Every structure is written in structure tokens, then in C-alpha cells.
1. Taking R0 as 56 Å, what's the FRET efficiency between A:ASP3 and A:ALA126 from their Cβ-Cβ distance, rounded to 0.05?
2. Considering only protein heavy atoms and a 1.4 Å probe, what is the carbon-and-sulfur percentage of the accessible area of the protein assembly as shown?
3. Residues of region B:157-186 losing 10 Å² or more of accessible surface, assembly versus chain alone, probe 1.4 Å, please list them.
4. Assuming R0 = 35 Å, what is the FRET efficiency of B:ASP190 and A:LEU43, from their Cβ-Cβ distance, to the nearest 0.05?
5. Please arrange B:MET294, B:MET260 by accessible surface area, largest first, computed with a 1.4 Å probe and ligands excluded.
6. List every residue whose amide H lies under 5 Å from the amide H of B:ALA68, counting only residues 5 or more places away in sequence or on a different chain, with H placed 1.01 Å from N in the peptide plane.
7. Rounded to the nearest 5, what is the percent of antiparallel bridges among the DSSP beta bridges in region B:115-326?
8. Once R0 is set to 35 Å, what does the formula 1/(1 + (r/R0)^6) return for the Cβ-Cβ distance between B:ALA266 and A:SER27, expressed as a FRET efficiency to the nearest 0.05?
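The values are calculated or read from the model by the stated rules, or taken from the named source; none is laboratory data. Since the model is a prediction, treat every value here as computed from it, not as a measurement. Counting neighbours? That spans all protein chains shown, and the Cβs are built from the backbone with ideal geometry, glycine included. Accessible surface is based on the protein model in full, side chains and every heavy atom, while ligands, DNA and RNA are left aside. Shrake-Rupley method; radii C 1.70, N 1.55, O 1.52, S 1.80 Å.
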Amino acid sequence: MQDEPTPVELLNAVAEFLRNDIAPQISGAAAFKLRVATNAIDLVVRQLELSEPRAADELARLVKLTGESGTLPDLNRKLANAIAAGAIDLRTPGLADHLWQTTMDKLAVDQPNYASYRRELAGEKAST
Amino acid sequence: MSEGFAADLTRCVTAWCAGATGVARLARLSGGASQETWSFDILHPDGDIGAILRRAPPGYGAAPERAAGLDAEAALMRRAGAAGVPSPPVLHVLTATDGLGTGFIMGRVAGETIARKILRDDAFAAVRPKLARQAGAVLRGIHGLDAATLPALRRVTPAMEIAELARDYRGFDWPRPVFDLALRWLADNDPGPARHDTLVHGDFRNGNLIVGTEGIRAVLDWELAHVGDPMEDLGWICVNSWRFGAIDKPVGGFGAREEMFAGYEAAGGHVDVVRANYWEVMGTLRWGVMCCGMMQRFRTGPDHSMERAMIGRRASETEIDLLRLLAPRAGG
């Protein structure tokens, strides 16, 4: 077992340093690159915090849809091939829900401020 | 390289620009290793001339498969400008004796290209509601150019585009079921080649337009120009990523599709709404595949930059937009 602080705590501390101490000292192209860098750190933090439970749910859905067992990459490949072959399509029970859930989970990590994601999230909240 | 480059550029400019005494304020704007954009001023006793150089440096002559090539770009901009399409003036096409590689020099047009500023700055508040309609009129101008006067360009049909996107996507060897869903939908709904092929700009979107307080001043970035279905351009500008957050204004975040269609038809064009919508799906997938391609170039080089790596994580934005188009949910 690795000791504390956790990876998330370490990354947050680095991002905070870059934002509070370095960003005010630089401008232009370097400032732009620093923003990209802190965005990348924030993305990794979200992935570390969110991915594990959501990956388990995704795997369970994939097992159900494909009727097979395997790793996430394996079953995603099987699903992709089945869709390409026309064996599974939007009339297949569960496919649309699965694709939506999986995509929403990706956006929560990749771009939680993307306007389409925020719109869909608001729609989910309104309907529950 | 800069000193030799500046000297070569000075020699080039003074050779064709009568009265020019040199160049100043040379600054690199953007571009990767194979293509560069530079801004500079031509020093002239009658007043300095703002200029832009677009070039592939010596040794980078071959254009990528999809690109029309810089010589073709220059020729297209000249043709477009002559036909009344807002275009920067092409001042000079590089020749072998210039020693600067391939490319061209154009006049620098004042105005804004940064999409978010065009969509949010007060300076553009009055013109914003007019831009969707203007975009339609400008596109009709491009599509109306006489094909016989154009440089040789590749011809694209929906089936060819699907095959190319499928090949690229499979080449990445990373499963994205939403991309397969989109490829399948595109194949099942392929409307076939256009009845009348026209010039297609190929990258006509918010971000590739110079906008002033009165409207569109210039169309840039002709490198993906080809011949094909004119509705491709009307679909591409509506791809959600080019709305920069203003997602309820499909045309580049400027306004409604109907406004663009009206501008297109008022300028003499005919709109096929089904085809335009089809190309919006294709364009959304295309941008997703391009994001994956940038991630690939980050991983395999030569451009090992954070920016490219992070664009790889933008592919998922096209997945949610494809789902919004192909499997919309109530309340979404």
C-alpha cells in the first residue's frame, strides 16, 4: 500500500501552485501553454476520482449487451464490431442507454464544461 | 534559421513589390513543422503594407493527402476574390528562385478570427445577428465559381468520405462504438453523389473567417478545398464544435440554419436540407476522427505537445454531439 498523500492530493497541490504562483508571472504563449497544462492535470484528477466505479458499471452493461465476458477494451471492441456489422443497432434494447451513459461518463472526465454535456446533464436532472 | 529566412523574404519582396525597401515586424503566427504562417510588414515609401506569408518550408513540399496544396490555395483565393467572395488579396505566389519553399504572400486583412471573441465581444454585437445569413451568401459565391477556371482538385462523394473516415478510425485501433454507430448511419443514409458538383471550401467555419464590425471580411484556410456536394460546406459550419458554446445557434454560434439557407437562396443557390443535415453528421464524425489523429501524432511524433495530447480528449465531445444527432433523448 502506498502512503499518503494520494495522487489526487498531490496533483491538486501542483495545479494550485501553477495557477497561483506561476500563472501571474508569465504571459503570451507560455501562459496559454500553462493553461493547457493545468487543464491536463485537472482532467487526470477527474479521471482518478471518477473512473473506477463508472468503469465497473460500463463493464456490466457491456457484458449484458454482448453476452460475453472480458476486459473493457475487449468488450468495447466486440460492441463496436457488432454495431459496424449491423448485428446491434439502436433498436436493440439497452444500446442507446449504454452509449449515452458511457459518453456522459467520458465527458464528465474530458470536458465537464462542454455545452452539449451540460445541456444533457440538466435534462437528466429535470427528468429524475 | 531566422536571419537567413528574413534575408530571403526581403529579397523576395523587393523583387516583385515595386518600391518596397524591406520587411519588418516579422512574427510567426502558427503552424506545425510542415506549414507555417508568418505576419510581417512590407516597408514602402507610400506606406507600409501588412502581409501574411503561408508556406511549406523547403523540403516540406508535398501536401498531405487531403490538402489541395498551397499553390492551389492561392489560385482559389484569387478566383474567389475576383468573383466577389471576400478574400485576402494574393500578392505573390512563391517560386523556386525565392528559396522560401512553396506558398504565397497575401495582404493582411484587419479584423477578428478568434471565434469566441466574435461570439462574445461587444464590438460584434450589432453584426452577429447578420452573420448566419452572410455566411449563406458567401458560401453561394464560393459554390458558384466556374469549375472550368479552377485548379485541379480531388473529387469527394459521401461514399469516399465514409471510406476514408472508416479507414482512419480503424487505423487508430481504439474502439469507439459511437463512431461505428455514426459510420453505419452514414452508410445507411448515403444520399449518393451530388447532382451538381461544385467547388467545396472544406473548412468554412467560425474560426476561419475574418470578421469586422460590418460582417465577413475574408474567407481563410482553403487547404481542404475539393470538388463535391455544396451542401457539405453548409453542414460543416453547423458542427457543434464550431458553435463555441452557443449551441442553440447552429451556424457557427451566429444564428439559425434557416437564416443561412435564406442567405444562400437569396444569392441564387438551392438548399437541400436533408443533405446539409447529413453532412453535419459526417462533419461531426470527421472532427472526431481528426481529434484522434492529433492524439496519434502526439504519440508517434514529431509533434509531442501537450496541446495535441489534450485535443485527443476532445474526441468525446463529438461522440455526445453524434448521439444528440442520431439518438436524441427527451429533455436533451
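1. So, using R0 = 56 Å, E works out to roughly 0.80.
2. Here it works out to 55 percent.
3. B:ARG170, B:ASP173, B:TRP174, B:PRO175, B:ARG176, B:PRO177, B:VAL178, B:ASP180, B:LEU181, B:ARG184
4. 0.45
5. Highest to lowest solvent-accessible surface, that is B:MET294, B:MET260.
6. B:LEU224, B:ALA225
7. The antiparallel fraction comes to roughly 90 percent.
8. 0.20
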